[in-house]
Amino acid sequence: MTPIDIIKDSLLKDRLSHLYLLIGNQGDYRDQVILEIVQTLVLGSNSTKSELIEKQKVMWVESETQVIKKEQIQQLFNEFSKTSLQNQRKVYVIEDAEKLNASSANTLLKFMEEPDSKTSVGILVTNNQQSLLDTIVSRSHILKIIEPSIKERKERFQSLELTPLEVDVFSILYQDKNDVLVALENPLLQEMMILFKHIVIEKHTKNFVYDLYEMSGCLNEKQTLISFLQILIRYFTDLRTDPSHIHFQSLIENIQLQSEQIDALQLEEILTSIQSILKQMRYFVQTELQKRHVLHLIKEVFQP
């Protein structure tokens, strides 16, 4: 059973724990699991994280520094005494719980001894169980977040009405069927798919470069560009991969032909460049500049 299934089953049987410890790697999948658990605990809400916080449905502790301070934990539980949180289940989330220092961890333990804690549900999230106090771990119901593999995602998405190429692409970008269905309604992602097909299938056409720039408007949006870079990394990785392990099975003939034409050193340089751009995109704001850099790389590879 997944963590969400376990929470739902506990609710049905009225056996909800007062403290859950979610263990999983940082990333979008973990964030989605946390949100779905919180939505379930606040009686099936479909609100976003920010909406849940704004409506005081949940208290959320995060830290952009290396430490979650005692004051943050104390403030969290002071909020629980407010009237807006009375007469309902009280939910709190502490993300990156490995950042709890000794003082903040002990403040959390102290709260867990209070009578008010019996009406609350706490969710601690970490990627490192060993960094937490044994006294906290021993009081927690431990749930492990295991991301589905690429193969599992492909199998899940087969039930959707997708082309083989869409299955290959979406299994890189998404973990969940619902995310794929949302993507299918996103015009920017659909334009990105057309652009990607143009690059890998129509690379020898006369107007390739002109069309490449004409079709790249969708990449002006930061998240679409990030998705595009993730797809490119997988495609170029396939060019140096054994045929039996190629991800883009829908493009295997194109990949085998291209792998014979591209120099191994050039391929490494391209992958390094794209990975560097992707890393910069996490904080770099000039999306247009990064987009042009990517398009230049593509042009150099496919029409030197």
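Checking the table 90/177; 203/299; 197/291; 69/110; 206/299; 154/203 against a 19 Å threshold on Cα-Cα, which pairs fail?
On the way: 90/177 30 Å; 203/299 9 Å; 197/291 17 Å; 69/110 15 Å; 206/299 13 Å; 154/203 26 Å.
Pairs exceeding 19 Å: 90/177; 154/203.
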Enter the Cα centre distance for the pair region 157-187 and region 1-66, rounded to the nearest angstrom.
25 Å
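How much of the accessible area of the chain, in percent, comes from carbon and sulfur atoms when a 1.4 Å probe is used?
Details: 8030 of 16480 Å².
Percent of accessible area from carbon and sulfur atoms in the chain: 49.
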Listed residues 164, 187, 148, most fluctuating in the chain (Gaussian network, C-alpha, under 10 Å)
187
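Determine the sum of side-chain charges near residue 302: Lys and Arg each +1, Asp and Glu each -1, restricted to other residues whose C-beta is under 10 angstrom from that of residue 302.
Details: positive: 203, 299; negative: 202, 300.
Neighbourhood net charge equals 0.
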Would you mind estimating how fast the chain diffuses translationally, via Stokes-Einstein at 20 °C and 1.002 mPa s with the Kirkwood radius over Cα pairs, in µm²/s?
97 µm²/s
Simple spin-label model, 7 Å along Cα-to-Cβ: residue 2 to residue 109 in nm?
3.5 nm
So, by mean Cβ neighbours within 10 angstrom, what's the order for 225-236, 150-161 with the highest one leading?
225-236, 150-161
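May I ask you to give the solvent-accessible area per residue for the chain, in square angstrom, as obtained with a 1.4 angstrom probe?
Values: 16480 Å² over 304 residues.
With all protein chains present, the chain gives 54 Å² per residue.
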If each residue of separation counts as 0.36 nm, what is the full-extension length gain between residue 66 and residue 179 once their alpha-carbon separation is subtracted?
37.5 nm
To the nearest 20 Debye, how big is the dipole of region 247-304 about its Cα centre, given +1 on the beta carbon of each Lys and Arg and -1 on that of each Asp and Glu?
420 debye
Which residue fluctuates the most in the chain, going by a Gaussian network model with Cα springs under 10 Å, if the choices are 265, 251, 124?
265
For the chain, calculated [θ]222 nm from helices alone, where every DSSP H run of n ≥ 4 adds -39500 (n - 2.57)
-16000 deg cm²/dmol
Over the chain, what is the percentage of antiparallel beta bridges among all DSSP beta bridges, to the nearest 5?
0 percent
For the pair residue 249 and residue 289, the simple spin-label estimate (label points 7 Å beyond Cα toward Cβ) gives in nm 4.2 nm
Note down the nm distance, to one decimal, between modelled labels 7 Å out along Cα→Cβ at residue 213 and at residue 11.
5.3 nm
Could you give the size of the charge dipole of the chain about its Cα centre, using +1 on the Cβ of each K and R and -1 on the Cβ of each D and E, expressed in debye and rounded to the nearest 20?
860 debye
Most mobile of 22, 219, 11 per a Gaussian network model of the chain (Cα springs, under 10 Å)?
11
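The values are calculated or read from the model by the stated rules, or taken from the named source; none is laboratory data. Bear in mind that the values here come from a model prediction, so they are computed numbers and not experimental data. Glycine gets a Cβ as well: all are built from the backbone with ideal geometry, and neighbour counts include every protein chain shown. For the accessible areas, the whole protein counts, side chains as well, though only heavy atoms, and no ligand, DNA or RNA atoms are used. Shrake-Rupley method; radii C 1.70, N 1.55, O 1.52, S 1.80 Å.
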